[in-house]
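Reading through the structure tokens given below for one structure.
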Amino acid sequence: MKRREALSISLAATGGIMLGGSFWQSCSQQPYPYALFTQQDMDILNDLADTLIPDTDTSQGAKKANVGEFVQLYVTDCLAAVQQQIVLEGYARFKKDCLEEWSKPFHRLSAESKQSLVDRLIRESEAHADQQSPHYFGIMRRIILRGYFTSEIGMTQCLRYVPIPGYQKGVIPYQAGEKLWAL
């Protein structure tokens with residue numbers, strides 16, 4: 001081997017190590033820098049999502065899909081400032097109401113208490129639907145559903161997922177009781 005070839009091989013190997021190291025370092029999971037929610041809030045959001053979409057015999061629930069992280073990113077990055085304000089104020093009121101009514105945060109409540117609170121919030125948001133400003137729980141519920149059904153768990157376990165696209169079939173009849181298609 002000539003000196004020029006040896007030098008180019010060693011430079012390529014060294015550069016690959018240097019670039020590879022910085023690539024793997026960039027893939028490490030850092031805390032989200034623009035976080036609107038604390039880690040305790042993330043636990044509450046995951047439990048709230050899991051109350052809406054619990055584990056079943058055939059699929060894992062929203063907590064296992066870490067939907068709280070999706071809610072954090074979506075509220076921070078995708079909502080308009082007005083909607084962000086509605087969600088954050090409503091969420092603060094939600095936490096305060098939990099502490100006043102049960103003397104503990106949502107993620108420490110019993111399953112029955114969580115379900116009754118979520119049912120009440122669903123009724124409130126549906127009754128509030130015809131007003132001009134949306135109810136915070138209606139926004140959060142849509143975000144939770146979007147986060148779950150676009151997650152790997154939601155797509156592969158809850159919906160019918162076909163990883164290899166086939167031919168285009170515009171209309172597929174739905175039989176009652178079947179899983180919906182993941183698109």
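Read-outs throughout are calculated quantities, based only on the coordinates presented, and are distinct from any laboratory measurement. Bear in mind the structure is a predicted one, so any value in this text is a computation, not a measurement. Neighbour counts are summed over all protein chains in view; Cβ atoms, including those assigned to glycine, are modelled from backbone coordinates with ideal geometry.
Note on I164 and A35: with the Förster distance fixed at 30 Å, the Cβ-Cβ geometry gives a FRET efficiency of about 0.20.
FRET efficiency for S110 and D57, Cβ-Cβ distance as r, R0 = 30 Å, nearest 0.05? Working from the Cβ atoms, E equals 0.85. Rounded to the nearest Hz, the phi-derived 3J(HN,Hα) couplings of segment 86-101 under the Karplus curve 6.51 cos²θ - 1.76 cosθ + 1.60 (θ = phi - 60°) are 4, 5, 5, 5, x, 5, 5, 5, 4, 5, 5, 5, 4, 5, 6, 7, where x marks glycine and proline.
3J(HN,Hα) along segment 167-172, derived from phi through the Karplus expression 6.51 cos²θ - 1.76 cosθ + 1.60 where θ = phi - 60°, amounts to 6, 6, 10, x, 10, 10 Hz, with x in place of Gly and Pro. Subtracting the Cα-Cα distance of K64 and I9 from 0.36 nm times their residue separation leaves 15.2 nm of extension gain. Once the Cβ-Cβ distance of L145 and S103 is raised to the sixth power relative to R0 = 25 Å, the FRET efficiency obtained is 0.25.
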